[in-house]
Amino acid sequence: MKHVIIGAGAAGIAAAETIRRLRSNDEIVIISADDAVHSRCMLHNFISGERDEKGISHISDEFFVKNNIRWVSGKAVEGIDTANKLVRITGGAEPYDKLLIATGAESICLPHAQSLNAENIFGLRHLRDAKAIREYAKQAKNIIIIGAGLVGMDAAYALSQIGKKPVIIDRAEQILALNLDPYAANMYMQKFEKAGCSFVLGREINQVNENAGKVDSITLNFGQKLPCDMLVMAIGSSPSIGFLAGSDIACNGGITVDKYLATNINDIYAAGDVTGLSGIWPNAVKQGETAASNMCGQPATYDDTFAEKNTMNYFGIPSISLGKVMPGSGDTVQVRKDKDKYQKIILNGGQVVGVVLQGNIAHSGFWLQLVKNEIDISKANKSVFNLSFADFYGVKEDGEYMWVL
Amino acid sequence: MKRIMVDAQNCKGCKNCSIACMQSHRKDNPGGFHSLDLADPANESRNLILLNGNDEYKPLFCRHCAQPECVKACMSGAMEKDSKTGYVRHNAAKCASCFMCVMSCPYGVIKPDRATNSYIVKCDFCQQDGDDPCCVKACRSGAIYVKEVQQ
């Protein structure tokens, strides 16, 4: 049996490991456009100079040899011939018995800007993006980042660490609006400002002004114009499915998959950001594992789908957010804070529907279980801030813990 | 693999296990227990004993899970399950301090190091000793013991 995996990110690598664990003699080929395996979540550490190319790899040096995987690197996939079971790549084709598409996603660009191919507009999703940003930033003076989400703030952090003073623009009134409430976001914003960043929040972009093929300024609503000689687009991403144009693999935004992560075509699976199911690393890994198991003939379903969860760590302040960051109607809120610690719990009836923790996140993993499994906490008989796994404690025969509800 | 088994009903909440863990992992020149600085964040324990709402002791120790959520969540390759020993090992030098593992541990066992918030503090089975882990050797009540389990 020959398994071909397109993409060497979280899902692709997890799938390859799983296939090797289940099938010691099957052939495994990974095809990737990148020529260095890297973790997207560490690209800012590369730009800032804190890590080199090898330092942002999430696999060991001997990964491909140890797992007997053939890696076709630096090759873009041009299309898939599903009738003849071939992956067409630059200058050749790779036959497959089972195929996993794990090509990830691409940065998107504001509709009224030139494409990301313009000389001074950058996305931040790949090592090649990080390299381009690091190089171009050397001579840039007026760097603008559009989008104050996790990618935008990663870019801002990295650029501030190499002496740049980027301006971050977002239409929301706060930074990290999808992940944090205003209080926790403001804590970070102060640190970013101290590091040389400045913010334009609650404003729309009217025009990206170009001159000789390069962006030279940004016009905001109400007419304000900001000079710009380098623009980082951090407004989101869309699944990497361009190479499937004209193919019979069904897509709806991302590649359409069932709970087995199978596509509409026999023997073809998809996992990770390319499915559009979730943009979170652990979920991509589980999708890769699930698809791989099915590729090896061991039926598995992708069940742990909860994706309203994230962590971040800027300037040594860690945060975790789960579920809602702001209460809705019928929710109640409990807050506990001191000068460097913040805990906000959003409750609805006996359930925890949202959690924001900042500063001290020690031993906080149980909160994810409470939120995603909609666990009733009313029987716990204590303050919500004192909840822990002890209140749902169980031990299985083999010594693993289990939740007792 | 070997696992530290937990029998919560035997736990007396004495925290001998936690002190032994701190002593085993202290970074200063190891002396006797008496010289262990309990207030030094560098000496923090990898295990802890929680109380539930009925004031019952519930020891919290890393399970080195068969399907470790912390490993699946790790985007730097710092958290790995050793296929030979079964232990989940953390490589502090590789860790990118994203703390996805902290969020993902279903029992809230692991945590960032208190002194620097830059790597994960977790059980390593006192592997440098080659003997039973120090917490187990220190337990007087039979609440924790080592057993070979199938994975």
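The values are calculated or read from the model by the stated rules, or taken from the named source; none is laboratory data. Just so it is clear, the structure is predicted and the values come from calculations on it, not from any experiment. Backbone-built Cβ (ideal geometry, glycine too); neighbour counts: all protein chains shown. These accessible areas exclude ligands, DNA and RNA; they are computed on the full protein's heavy atoms, side chains included. Shrake-Rupley method; radii C 1.70, N 1.55, O 1.52, S 1.80 Å.
Here are some notes:
- Size of the A/B contact, given as accessible area buried on both chains, probe 1.4 Å, in Å²: 3500 Å²
- Solvent-accessible surface (1.4 angstrom probe) belonging to residue A:138, in square angstrom, nearest 10: 140 Å²
- Percent of beta bridges antiparallel (DSSP, the protein assembly as shown, rounded to nearest 5): 70 percent
- Residues whose placed amide H lies under 5 Å from that of residue A:267, excluding near-sequence neighbours: none
- Close Lys pairs in segment A:317-403, defined as Cα atoms under 30 Å apart and 8 or more places apart or on different chains, number 22.
- A simple charge model with +1 on the Cβ of Lys and Arg, -1 on the Cβ of Asp and Glu and nothing else charged puts the dipole of chain A at about 920 debye relative to its Cα centre.
- Per-residue SASA entry for residue A:251, accessible area with 1.4 Å probe, Å² rounded to 10: 60 Å²
- Modelled FRET efficiency - R0 22 Å, residue A:382 with residue A:341, Cβ distances, 0.05 increments: 0.70
- For chain B, the 222 nm mean residue ellipticity estimated from helices alone, with every DSSP H stretch of n ≥ 4 adding -39500 (n - 2.57) and the total spread over all residues, rounds to -4000 deg cm²/dmol.
- Contact order relative to length of chain A, as percent, for alpha carbon pairs under 8 angstrom and 6 or more apart: 15 percent
- Given charges at beta-carbon only (K, R positive; D, E negative), |dipole| of segment A:111-233 in Debye: 360 debye
- Protein heavy-atom surface of segment B:69-110, 1.4 angstrom probe: 51% of the accessible area is carbon and sulfur, with nucleic acids and ligands not counted.
- The mean number of Cβ atoms from other chains found within 10 Å of a Cβ in peptide A:50-61 is 2, as a whole number.
- Whole-Å distance, taken between Cα centres, linking segment A:1-28 and segment B:100-127: 29 Å
- 3J(HN,Hα) couplings calculated from phi for segment A:70-77 with the Karplus curve 6.51 cos²θ - 1.76 cosθ + 1.60 (θ = phi - 60°) are, in sequence order, 8, 10, 9, 9, x, 10, 7, 7 Hz; Gly and Pro show x.
- The smallest convex shape that holds all Cα atoms of segment B:4-151, its convex hull, gives 128 Å³ per residue.
- Think of each Lys and Arg Cβ as +1 and each Asp and Glu Cβ as -1; about the Cα centre, that makes the dipole of segment B:92-151 roughly 240 debye.
- Segment B:57-75 versus segment A:198-258: alpha-carbon centroid distance in Å: 39 Å
- In the context of the full set of protein chains, chain B has a per residue accessible area of 45 Å² (1.4 Å probe).
- Highest-MSF residue in chain B out of B:111, B:27, B:12 [GNM, Cα springs under 10 Å]: B:27
- Estimated FRET transfer efficiency (residue A:301, residue A:265; beta-carbon r; R0 25 Å; 0.05): 0.85
- If R0 is 41 Å, the Cβ-Cβ spacing of residue A:70 and residue A:119 corresponds to a FRET efficiency of close to 0.65.
- Most mobile listed residue (A:154, A:273, A:61) in chain A, GNM with C-alpha springs under 10 Å: A:61
- Inverting the pair-averaged 1/r between distinct Cα atoms of segment A:111-233 gives 14.5 Å as its Kirkwood hydrodynamic radius.
- Largest to smallest accessible area among A:103, A:90 [probe 1.4 Å]: A:90, A:103
- Taking only the alpha carbons of chain A, we obtain Rg and Dmax values of 22.8, 70 Å in that order.
- Per-residue mean of C-beta atoms belonging to partner chains within 10 Å, peptide B:111-117: 4
- The accessible-area ordering, largest first, of the residues B:26, B:89 stands as B:89, B:26, per a 1.4 angstrom probe.
- When DSSP beta bridges are restricted to pairs lying wholly in segment A:28-95, around 60% turn out antiparallel.
- Heavy-atom accessible area order for B:33, A:243, largest first, 1.4 Å probe: B:33, A:243
- Here, P(r) means the percent of Cα pairs in each 10 Å bin from 0 to the largest distance; for segment A:275-405 it is 11, 34, 34, 17, 3, 0.
- Calculated accessible area for chain A comes out at 42 Å² per residue, all protein chains present (probe 1.4 Å; ligands, DNA, RNA ignored).
- Which of B:1, A:361, B:57, positive extreme of dipole for the protein assembly as shown (C-beta unit charges): B:57
- For segment B:46-75, residues shielded by at least 40 square angstrom of accessible area compared with the chain on its own, probe 1.4 Å: B:50, B:53, B:58, B:63, B:72, B:75
- Listed by chain and number, the aspartates and glutamates placed with their C-alpha closer than 17 angstrom to that of residue A:259 are A:267, A:273, A:289, A:303, A:304; residues fewer than eight positions away on the same chain are left out.
- Solvent accessible area, Å² - residue A:70, 1.4 Å probe, full protein context: 110 Å²
- Each listed q (0.18, 0.20, 0.21 Å⁻¹) maps to a log10 I(q)/I(0) for segment B:66-120, found by the Debye formula over equal Cα scatterers with no solvent: -0.53, -0.65, -0.72.
- Relative contact order (percent, whole number), segment A:38-89, Cα cutoff 8 Å, 6+ residue spacing: 22 percent
- Rel. contact order, % - alpha carbon contacts under 8 angstrom, at least six apart, chain B: 33 percent
- Per-residue mean of foreign Cβ neighbours for A:393-405 is 5 (Cβ atoms of other chains, 10 Å radius).
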